[in-house]
Amino acid sequence: MSFDLDSLVRENIKSLSPYSTARDEFSGFASVYLDANENAYGSAVKGSYNRYPDPKQILLKNELAAIKPVSQENIIIGNGSDELIDLAFRIFCEPGKDNVIVCPPTYGMYAVCAKINQVEIKEVPLTVRYQLDMENIFSSVNDRTKIIFVCSPNNPSGNVMNAADLTRLCNNFKGIVFLDEAYIDFADDESFLQNLISLPNLFIIQTMSKAWGMAALRLGIGYASAQMIEVFNKVKPPYNINQYSQEMAIEALQHTNVITEWIEKIKESREKLVSELKQFLFVETIYPSSANFILVKVKNADELYAYLLQKGIIVRNRSSIKESSQCLRITIGTEKENKTLLDALKNY
Ligand SMILES: *Cc1c(COP(=O)(O)O)cnc(C)c1O
């Protein structure tokens, strides 16, 4: 199916001339900067934060391009990947007219952003094994369907989506396939990012909030064709990534070995926790996970949630979602935290 980016972008975005920052108009090196109304004396805190940060985050993108199978112009940095989800709605979806497809049980932000942007949500639940229901997705698509959201590894089920399905989805849908890989660092399966070049309708997000341990700094990463990234750049707030976060992200990328070690540890703890949980009679199903959490179906999720809460242990109760009824989502903690959880469960 031929892909035409222009025909998907909203008219008001197509005709938008973006805000031109002082940094856009002059980006070379000068000895005196009197162009951006900054405080030339310095900052009220330790460190130099008096100058506006690079709106294009070029140093950070170069670091990323060095370790990812894409080039710098295929990358956009978001203030958390949540910002990129919202941008996708604002770029492609005409409020009150267009629709998107979401496959529950999945990450809640797709639906919340849809509602904020007044975009209709078509729900096509995942199959019993939490895979994409391809036939139902295709039959739900109409000519106002702009985006299909796929989360892999999926939150809250933890599994990765079948790669052949993803390829088929991209090849047979003329809108955007928005692939959320927030947990890909924990998966044994490869990222779909290597397919980006051949799939012009693919937009992939990853994040530094999970494996990289930088949730508080708000660093999300989007990958797409250079043409699509250009549209996102036009719409994003110019200084969406603050100076400190940019610096910390660059520094973090020099410490990949620490992260790799943590990931291995978390995967080991995950398997250990899974085998320990099997002993409990109130545990009905533990879904296979490629993430840093597990989804566990129990006899009475609300009751178990309340019990753990009273023991000072907070897990995520996903019971209210039809496709994950009686399920709790448990993040893999440190070995000590996991043991505390198991000890509490023994006394339940
Ligand atoms: C945590 C999470 C995100 C959001 O990550 P941020 O980069 O912190 O905004 C996106 N998608 C999924 C599935 C998540 O679980």
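The values are calculated or read from the model by the stated rules, or taken from the named source; none is laboratory data. The model shown is predicted, which means the values in this text are computed figures rather than measured ones. Note: ideal-geometry Cβ built from the backbone for every residue, glycine included; neighbour counts use all protein chains shown. Side chains are part of the model used for accessible areas, which takes the heavy atoms of the whole protein and leaves out ligands, DNA and RNA. Shrake-Rupley method; radii C 1.70, N 1.55, O 1.52, S 1.80 Å.
Structure remark: mean-square fluctuation, Gaussian network model of the chain, C-alpha springs under 10 Å; the largest value among L217, L295, L59 belongs to L59. Whenever you get a sec, compute what percent of the accessible area on region 262-348 sits on carbon and sulfur atoms (1.4 Å probe). Of the solvent-accessible surface of region 262-348, carbon and sulfur hold 51 percent. On the accessible surface of region 1-47, probed at 1.4 Å, how many percent belong to carbon and sulfur atoms? Solvent-exposed carbon and sulfur of region 1-47 make up 53 percent of the total. Here the simple spin-label model places points 7 Å from the Cα toward Cβ, and for N136 and S15 these points are separated by 4.1 nm. Counting only DSSP beta bridges whose two residues both lie in the chain, roughly 50 percent are antiparallel. Mind running the shape call on region 63-157? Use the C-alpha gyration tensor, a ≥ b ≥ c as the square roots of the eigenvalues: rounded below 1.5 for a/c, prolate if a/b tops b/c, oblate otherwise. Here region 63-157 falls in the oblate category. From the phi of every residue in region 153-163, what ³J(HN,Hα) in whole Hz does the Karplus formula 6.51 cos²θ - 1.76 cosθ + 1.60 yield, where θ is phi - 60° and glycine or proline is x? Listing the rounded values in order: x, 7, 9, x, 7, x, 8, 8, 7, 4, 5 Hz.
With the biggest extent put first, the Cα atoms of region 240-348 measure 48, 30, 26 Å across the principal axes. Maximal additional length on extending the S71-E264 stretch stands at 66.7 nm, based on 0.36 nm per residue less the C-alpha distance. Taken over the chain, the convex hull of the Cα atoms encloses 158 Å³ per residue. Heavy-atom surface analysis with a 1.4 Å probe gives region 79-158 a carbon and sulfur content of 47 percent of its accessible area. Relative to the current alpha-carbon distance between N62 and N171, full extension at 0.36 nm per residue lengthens the span by 36.3 nm. What the Cβ-Cβ distance of D189 and D302 gives, at R0 = 41 Å and to the nearest 0.05, is a FRET efficiency of 0.80. Between Y110, Y41, Y287, the residue with the greatest mean-square fluctuation in the GNM of the chain (Cα pairs under 10 Å linked by springs) is Y41.
Within region 1-144, the proportion of Cα pairs with more than 20 Å between them is 67 percent.
GNM on the chain, alpha-carbon springs under 10 angstrom: the most fluctuating residue among F293, F29, F282 is F29. Between L342 and I321, the distance separating the two model label sites (each 7 Å from Cα on the Cα→Cβ line) works out to 2.7 nm. Determine, from the Cβ-Cβ distance of S2 and A36 and an R0 of 30 Å, the FRET efficiency 1/(1 + (r/R0)^6), rounded to the nearest 0.05. E between S2 and A36, to the nearest 0.05, is 0.10.
Each of the peptides 195-202, 177-184 was scored by the mean count of other Cβ atoms within 10 Å over its residues; in descending order, highest first, they stand as 177-184, 195-202.
Translational D (Stokes-Einstein, µm²/s) of region 196-243 at 37 °C and 0.692 mPa s when Rh comes from the Kirkwood sum over C-alpha pairs? Taking Rh from Cα pairs, D becomes 270 µm²/s.
The calculated FRET efficiency for A216 paired with K115, based on their beta-carbon distance and R0 = 35 Å, is about 0.85. Taken per residue, the accessible surface of region 1-160 reaches 52 Å², heavy atoms only and a 1.4 Å probe. Note that region 70-79 has calculated 3J(HN,Hα) couplings of 9, 9, 3, 6, 8, 10, 10, 9, x, 6 Hz, one per residue in order, obtained from phi through the Karplus relation 6.51 cos²θ - 1.76 cosθ + 1.60 (θ = phi - 60°); glycine and proline are x. Rounded to whole numbers, the Karplus 3J(HN,Hα) couplings from phi for region 179-189 are 9, 9, 10, 4, 10, 4, 4, 9, 8, 6, 6 Hz, using 6.51 cos²θ - 1.76 cosθ + 1.60 with θ = phi - 60°, and x at Gly and Pro. If amide hydrogens are placed 1.01 Å from N in the peptide plane, which non-local residues have theirs closer than 5 Å to the one on T145? When sequence neighbours closer than 5 places are left aside, the close amide H contacts are N99.
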